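A short write-up of the structure that comes next.
The values are calculated or read from the model by the stated rules, or taken from the named source; none is laboratory data. Quick caveat: nothing in here was measured; it's all calculated off a predicted structure. Don't worry about glycine lacking a Cβ; one is built from the backbone with ideal geometry, like all the others, and counts go over all protein chains shown. Each accessible area value is taken on the protein alone, full model and side chains, heavy atoms only, with ligands, DNA and RNA left out. Shrake-Rupley method; radii C 1.70, N 1.55, O 1.52, S 1.80 Å.
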Amino acid sequence: MAVILGIESSCDETSASICIDGEIKSNIIAGQAIHAKYGGVVPELASRAHQLHIIPTVDEAIQQAKIHKNDIDAVAFTRGPGLLGSLLVGTSFAKSFALARQIPLIEVNHMQAHILAHFIEEPKPSFPFLCLTVSGGHTQIVLVKDYFDMELLGQTLDDAAGEAFDKTAKILNLPYPGGPLIDKYAREGNPAAYKLPEPQIPELNFSFSGLKTAILYMVQAEEKKNPNFLAENMADVCASVQQRIVSILLNKLKKAAKQTGVRDMAIAGGVSANSGLRQGLLEMGKQCHWNVFIPKFEYCTDNAAMIAIAGYHKYLRNEFVGQDIAPLARMHV
């Protein structure tokens with residue numbers, strides 16, 4: 001029986017999870033509300049909050065899984081990518097715990113872990129499959145050939161999809177984090193109310209900076225005509241923005257499917273919690289006869305369950321690291 005402790009601390013969530021023989025027994029997440037008043041994550045505040053949360057979060061994960069710390073066989077932790085100060089907290093804790101217990105240490109790539117979250121519960125995709133990984137910092141199309149054999153087919157050249165949502169929210173005077181609020185308003189609005197451009201980016205890459213500028217100019221032009229424009233049309237604006245971001249993502253995924261011939265499609269990352277993207281993928285899946293895989297909401301945002309499941313598969317391969325391991329702010333799939 002393999003018992004894996006997973007640690008996630010790449011940004012502003014401290015999370016710990018226990019995985020026993022590939023089954024997640026606990027997944028505890030401590031958020032950081034302090035960043036809201038600054039309109040975004042403040043790295044120094046994030047790392048300090050991780051220091052406060054890491055021990056009680058791990059303790060709660062162990063208790064919820066109904067095991068003892070001595071039962072743990074290995075510690076898996078997020079090595080990167082992420083905020084270096086935040087990663088240092090999780091890495092240091094993982095190294096200390098492993099050293100004290102004399103158990104193996106497993107490094108996990110955060111972006112690979114988002115994809116491997118699909119192997120936490122049934123139904124699970126078959127290899128090879130395509131995964132659209134969308135978060136605040138990344139937008140990627142990945143060809144997943146095996147658990148740790150992944151090929152990056154396309155990525156954003158500037159802003160990620162999550163950044164596009166959050167920066168648009170600032171334009172619309174919505175509080176941080178703005179992505180979920182845009183999603184909320186969009187459910188009540190008309191997605192065809194305002195026509196926004198779809199960037200024509202070569203191959204399978206993305207760009208959202210031009211869209212963000214187009215949204216800003218559109219709002220400024222409308223407010224010149226009507227100072228109460230946003231207050232009176234927020235739902236329609238959010239629906240139009242969300243529809244365009246989703247269409248940009250799904251049209252590229254459709255192109256990737258044609259190029260590779262792959263029929264299993266998955267989404268991962270924080271933006272995969274967006275209702276418009278989830279519904280859009282399901283609809284495109286029906287049209288294109290794809291097998292579509294969408295993770296549960298709790299496994300979309302940063303969480304340690306995905307770290308633990310990735311660590312479990314590395315444990316089966318005896319892929320361990322030494323105490324000289326250091327976190328990396330940037331890592332590729």
Estimated D of the stretch 133-277 in µm² per second, where Rh is the Kirkwood radius over Cα pairs and Stokes-Einstein applies at 37 °C, 0.692 mPa s: 209 µm²/s
The chain, accessible surface, carbon-and-sulfur percent (1.4 angstrom probe): 51 percent
The stretch 214-333: mean projected area of Cα convex hull, nm²: 11.7 nm²
Nearest 10 degrees, 0 to 90: helix 43-64 Cα axis against the chain principal axis: 60 degrees
Area projected by the alpha carbon convex hull of the chain, averaged over all directions, nm²: 16.6 nm²
Accessible area expressed per residue, the stretch 134-175, with surrounding protein chains retained (probe 1.4 Å, Å²): 39 Å²
Along the chain, longest interval not containing exposed GluC sites (Glu not before Pro), exposed being DSSP loop plus at most 15 other Cβ atoms within 10 Å: 1-120
Descending principal axes extents, the stretch 137-176, alpha-carbon based, whole Å: 43, 19, 9
The stretch 19-128: relative contact order in percent, alpha carbon pairs under 8 Å with at least 6 residues between: 26 percent
Mean Cα-pair separation over length for the chain, i.e. relative contact order, pairs under 8 Å, 6 or more apart, %: 25 percent
Accessible area expressed per residue, the stretch 233-333, with surrounding protein chains retained (probe 1.4 Å, Å²): 42 Å²
Counting DSSP beta bridges with both ends in the chain, the antiparallel % (nearest 5): 60 percent
Calculated [θ] (222 nm, deg cm²/dmol) that DSSP helices of n ≥ 4 give over the chain, each run adding -39,500 (n - 2.57): -14000 deg cm²/dmol
Most fluctuating residue given options ALA74, ALA46, ALA231, as computed from a GNM of the chain linking Cα atoms under 10 Å: ALA231
Fluctuation leader among ILE34, ILE294, ILE106 - the chain, Gaussian network, Cα springs under 10 angstrom: ILE34
Net charge dipole size for the chain [Lys, Arg +1 and Asp, Glu -1 on Cβ; Debye, nearest 20]: 500 debye
